[in-house]
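See structure below.
The values are calculated or read from the model by the stated rules, or taken from the named source; none is laboratory data. These numbers come from a predicted model, not from an experiment. With ideal geometry, Cβ positions are generated from the backbone for all residues, glycine too; neighbour counts draw on all protein chains shown.
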Amino acid sequence: MAASLSLVFFYAPLDADQGFIQKIFYLHVPLAIVALLGFIAGGVMAIKYLRTRDPSWDMRSYVAIHLSLVLAVGVLITGSIWAKGSWGHWWVWDEPTLVSFLIIFLLYCCYQPLRFSIEDPERQARYAAVFAITAGAFVPVNFIAVRLAQAFSHPRVLSTTGGNMPGEMRLTFYVSLIAMGLLFVTLWKFELVSKHAKFELKRLRRRLELSLEEGTSRGGAPSPPTATVPAQPIGS
Amino acid sequence: MPALPLDEAGKYVAAAYIVFLTLVVLYVAIMAMKVSRIEREVESLHELLDERGK
């Protein structure tokens, strides 16, 4: 991240058209790409969950989508700031790229309410996985649809010909993209470890409490904690 | 629109990077709070185990 910021402010040349405000590009675009890839990754992990029924895949999918949603908030805010500076408006409704990203964001905003409206952990994970796969498939479809549409004001950065960026700008952009990707993976792992620890702690506590109850009802010494405990919903 | 002068554009660039930084810091702070809650839970589990041992 430090290398990326150094390149943005000390190495990348000023854009001839937009000037200094174009520096937002190195934050906004990698943030958007990583958020969208995170949504797709959430869908792929949901497929893994449905195939294996391993709850850890459900948790991975949930964390990826949750984190992507946080990044998407950043995309919308930084994009609005850039739009205000460049176009004079906070939001442009006739720009397909902006509106399509907003649609994806609003779609994923439904993920958590849907998930936590279901009490049964198995059903919760299954329904959330179906949502994640459907919405995850919508992301590339949406991206292609926007690409096919004629944009009036939003510039195209990545193309099969490599875009129109000079070498220094392209290098800075790719370093920023890698940095953002690494940040995503780090935060994803961080949250995953924390969620897993919380989950395991709850199970341990329940097993302990169960064994204590069993021990007191028998009147003897408490038995070792061996009772199986049903899986808990992630958000509980 | 013509390019904004540096002092004007600087505000927007700073705002965008501050928003990003705030988001990351908030996220990490919330995660840190959750981790400290887990630590407290571990402690209470230890206490529960100690009770069992008595």
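Regarding A:Leu67, is this residue within 12 Å of the chain's Cα centre (by Cα), assigned to a helix (DSSP H, G or I) and among the hydrophobic types (A, V, I, L, M, F, W, C)?
Working: within 12 Å of the chain's Cα centre (by Cα): yes; assigned to a helix (DSSP H, G or I): yes; among the hydrophobic types (A, V, I, L, M, F, W, C): yes.
For A:Leu67, the condition - within 12 Å of the chain's Cα centre (by Cα), assigned to a helix (DSSP H, G or I) and among the hydrophobic types (A, V, I, L, M, F, W, C) - is met.
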Item to check | the range A:43-55 - residue that is free of Cβ contacts under 8 Å to residues at least 60 places away in the same chain and not basic (Lys, Arg) and, of those, farthest from A:Ala2 (Cα to Cα) | outcome: A:Thr52
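For the subset of the range B:34-48 comprising residues that are among the acidic types (Asp, Glu) and more than 7 Å from chain A (Cβ to nearest Cβ), which member is farthest from the chain's Cα centre (by Cα)? Outline the logic, then answer.
Start the filter on the range B:34-48 by keeping residues that are among the acidic types (Asp, Glu), which leaves B:39, B:41, B:43, B:47.
With the extra rule that they be more than 7 Å from chain A (Cβ to nearest Cβ), the set shrinks to B:39, B:43, B:47.
Working: B:Glu39: 17, B:Glu43: 23, B:Glu47: 29 Å.
So the residue we want is B:Glu47.
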Checklist entry - Scanning for something part of a helix (DSSP H, G or I), surrounded by fewer than 20 Cβ atoms within 10 Å (Cβ to Cβ), free of Cβ contacts under 8 Å to residues at least 40 places away in the same chain and of a type in the set (D, E, K, R), does the range A:22-42 turn up at least one residue? => result no
Checklist entry - Does at least one position in the range A:112-126 carry a residue that is touching a residue at least 12 places away in the same chain (Cβ under 8 Å), surrounded by fewer than 22 Cβ atoms within 10 Å (Cβ to Cβ) and closer than 27 Å to B:Leu21 by Cα? => result yes
Checklist outcome for this item: Expected output for the range A:86-104 (first residue closer than 16 Å to A:Val146 by Cβ and within 14 Å of chain B (Cβ to nearest Cβ), partner surrounded by 14 or more Cβ atoms within 10 Å (Cβ to Cβ) and not polar (S, T, N, Q), Cβ below 8 Å, 6+ apart or cross-chain) is A:Val92/A:Ala83; A:Val92/A:Leu98
Next on the checklist: Looking at (1) closer than 25 Å to A:Arg53 by Cβ; (2) surrounded by 19 or more Cβ atoms within 10 Å (Cβ to Cβ); (3) modelled with pLDDT under 90; (4) hydrophobic (A, V, I, L, M, F, W, C), which one does A:Met169 not meet, given that it meets all the others?
Outcome noted: (1)
Next on the checklist: Let me spell it out: the conditions are (1) among the acidic types (Asp, Glu); (2) surrounded by fewer than 23 Cβ atoms within 10 Å (Cβ to Cβ); (3) closer than 16 Å to A:Phe131 by Cβ, and A:Asp58 meets all of them except one. Which number is the exception?
Outcome noted: (2)
